[in-house]
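K.L.:
The structure follows.
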Amino acid sequence: MNRRELLKKMAVAAPALSVAGRVFAAPPGSPRFLLVFLRGGYDCANVVIPYSSSYYYETRPNIAVPKPTGPDATEGALALDSNWALAPVLRASIAPLYAQRQALFIPFAGTEDLSRSHFETQDSIELGQPTSGTRNYRSCFLGRLSDTLVGTADGNSSIAFTDALPLALEGKATVPNLSLKNVGKPSFDDRQARILSDMYAGHHLQAAVSSGLELRHEVAQEIADEMNAANRNAINTKGFELEAERMGRLMRDKYRIGFIDVGGWDTHVGEGAAQGPLATNLNSLGRGLQVFSQSLGAEWSNTVVVVLSEFGRTFRENGNRGTDHGHGTVYWVLGGSIKGGGIAGEQQRLDRGTLFQDRDYPVLNDYRAVLGGLFRSLWGFSPDQSSRIFQQTAPVDLKLV
């Protein structure tokens, strides 16, 4: 095999070779944080339903989720309190966590970005910087969180479960990214791995290449073992649910900070209500999060998961029985020791007069303030440390943990 051919194979396996230094092990009992980014702007109003708002049903004649009608209803939403209800498709996955006070929701959350552009707003969130002024694309909020933890008891053990390193984890510390989609099939066999190691002997990239190959081998072996065990449990063979179990095992044993993004939330056409494309996506997401919580075992009690999206969608349905790009959204917070079972953050009633620009959820809970307060509670950050992660934003303690 010549160098050109080998470098082509390296490009395919680039995520597995993005590690510099050895993998750290997360000691039992240390805080863990997973960010689940729903790319595409999910329609929060059909997930956490404002069923006390008559305007919701007036403006969504075809796609509104029916009101709660009782504990055994299969079509109607599940009441969370007197104003909000949960999509019925999440009855078996997220609703039990909510009942156990291991899930909560933050409506009217989001960023100050008003572009309504997927790419610009995703960048705004991942950067975690003020939207005005110069942006530094080499310093993003999860990257700064990792940098802040370097040298502490919690160390730097972050990972992105993605094909390429997401913008959110750009920072001074080196963070691995590892796609688990095809991890059971290593890009290199043992002979090719030896050739690659020999090729970089004495090179300044030798440590990164060696560590990347080691990570690929370790994870591939773990996944092979899981696949053998999963023959008795078919649920682990499906998409996000399978990936979620792998993520849970890795974060249980090795990592403290994780990131994964999930696409398919841009519902301009034929969104559906209690059933339909959005509900199908929610079902997979909810089941995956449930599997993730179970695979963490006892460490679930030390883990916090935040589910967010770049923005919400229009309060009114459009002419194609879908929804368009909006502004404010609803964040999910899950974990074994959170103060769940409720609705958090600043709230207001939803009617035409309170919509942002007569079309969207307003943003009353700035995501940097919310996440900053959460990080301060999890890791006991000083004011100086908090300001490194989210500059010009004071953390707000919503008593999430």
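K.L.:
For a Förster distance of 51 Å, can you work out the FRET efficiency between the beta-carbons of Thr69 and Asp163, rounded to the nearest 0.05?
P.N.:
E between Thr69 and Asp163, to the nearest 0.05, is 0.75.
K.L.:
With a probe of 1.4 Å, find how much accessible area the stretch 115-177 has per residue, and write the answer as a whole number in Å².
P.N.:
Accessible surface, normalised per residue, equals 40 Å².
K.L.:
Which value, in Å² and to the nearest 10, is the accessible area of Val396 when all protein chains are kept and the probe is 1.4 Å?
P.N.:
Counting only protein heavy atoms, Val396 exposes about 60 Å² to solvent.
K.L.:
Rounded to the nearest percent, how much of the accessible area of the stretch 248-318 (1.4 Å probe, protein heavy atoms only) is carbon and sulfur?
P.N.:
In the stretch 248-318, the share of accessible area belonging to carbon and sulfur is 47 percent.
K.L.:
Along each of the three principal axes of the Cα atoms of the stretch 257-372, give the extent in whole Å, ordering the values from largest to smallest.
P.N.:
That works out to 47, 30, 23 Å along the principal axes.
K.L.:
On the protein heavy atoms, probe 1.4 angstrom, tell me the percent of accessible surface of the stretch 60-122 carried by carbon and sulfur.
P.N.:
55 percent
K.L.:
Relative contact order of the stretch 265-401, please, whole-number percent, based on alpha carbon pairs below 8 angstrom and at least 6 residues apart.
P.N.:
Numbers: 182 pairs, mean separation 28.1, N = 137.
Reported relative contact order: 21 percent.
K.L.:
Give the accessible surface of the stretch 267-316 per residue, rounded to a whole number of Å², with probe radius 1.4 Å and ligands, DNA and RNA excluded.
P.N.:
Result: 29 Å² per residue.
K.L.:
Under the definition of Cα pairs under 8 Å and six or more residues apart, what whole-number percent is the relative contact order of the stretch 343-401?
P.N.:
So the answer I get is 35 percent.
K.L.:
Still on this structure: Can you give the net charge of the other residues whose Cβ lies under 11 Å from the Cβ of Gly312, counting K and R as +1 and D and E as -1?
P.N.:
-1
The values are calculated or read from the model by the stated rules, or taken from the named source; none is laboratory data. Treat the numbers as computed from the prediction; the structure is a model and nothing was measured. Virtual Cβ from ideal backbone geometry, glycine too; neighbours counted across all protein chains shown. These area figures cover heavy atoms from the full protein model, side chains too; ligands, DNA and RNA do not enter into them. Shrake-Rupley method; radii C 1.70, N 1.55, O 1.52, S 1.80 Å.
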